[in-house]
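Here's the structure, in structure tokens; my notes come after.
Read-outs throughout are calculated quantities, based only on the coordinates presented, and are distinct from any laboratory measurement. This one's a predicted model, so the numbers in the text were calculated from it and none came from an experiment. All Cβ positions, even for glycine, are placed from backbone atoms using ideal geometry, and neighbour counts span all protein chains on display.
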Amino acid sequence: MTKLTRSGWLSGACATLAILSTLGACSSSKTTPATDGSTTTADGAATTTTVDAAKAADSAATTPDTAASAGDTAGSTGDAAGAAKLASSTGAWVIFPQTTPAANPDAAATAAANPAMNVAGTIDAFDAGGGKTRFVLNVTGLTPNMEFGSHLHKLACADTMAGGHYQNVPPTGDAGPATVASPTNEIWLDFTTNAAGAGTATTTVDWKPRTGEAKAIVIHVMRTADGGVAGSKLACVSMVF
Ligand SMILES: [Cu+2]
């Protein structure tokens, strides 16, 4: 339906221009850059395919509910097969200084340069269907062959180093940290880097983060232990729900 509409628009535009005796606009300008990065030819059917593909992707990204069933079939690779994206990390990574023992009590982090000081990469969250959310982390530039912890945090990177972990069920009454700091109640994306310093992690939870209450992904110096402890915060990137 979209293809027909776009093709019809192009044809109509050229026809109108022809009537106005400005044939050059349609016949001599073979290709023009389109805003989505593809090229548009005035007469080409191939172009509409490219444009439609981009529009389809945009549509999937902005209408998660209608694509929920696609998310179910996407498998563990995450971003393939049209799973609706709920959120992505954005902007530059913030590197937290590791030179103040009081602020960063972990010895491994304070003794050496930040092992995540050159981190790059992204985190995406997808609608996995049935109310579930799948997170996929792909990072590079870290110290090779090292274990890291990583979580979804409540605050922005610039706000008290992203604050604490986002939790689906916050602590209430007598519930201690151990009862709510778990990989099913929080987003844990721990990983071990390969020899090239790259790491990946995927986790799926049966809930969606509440809008406005989760704002960043933090990488820690240690793999996450019981109770959510993972040592110093090394780096942070914005990821807003
Ligand atoms: Cu954390």
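Measuring from label point to label point, each 7 Å out along Cα→Cβ, what is the A92 to A225 span in nm? According to this spin-label approximation, the distance is 3.4 nm. Note on T192/T172: beta-carbon distance plugged into 1/(1 + (r/R0)^6) with R0 of 30 Å gives a FRET efficiency of 0.30.
The length gained on full extension between T184 and T122, counted as 0.36 nm times the residue separation minus their Cα-Cα distance, comes to 20.2 nm. Counting 0.36 nm for each residue step from A158 to T202 and taking away their Cα separation leaves a gain of 13.3 nm.
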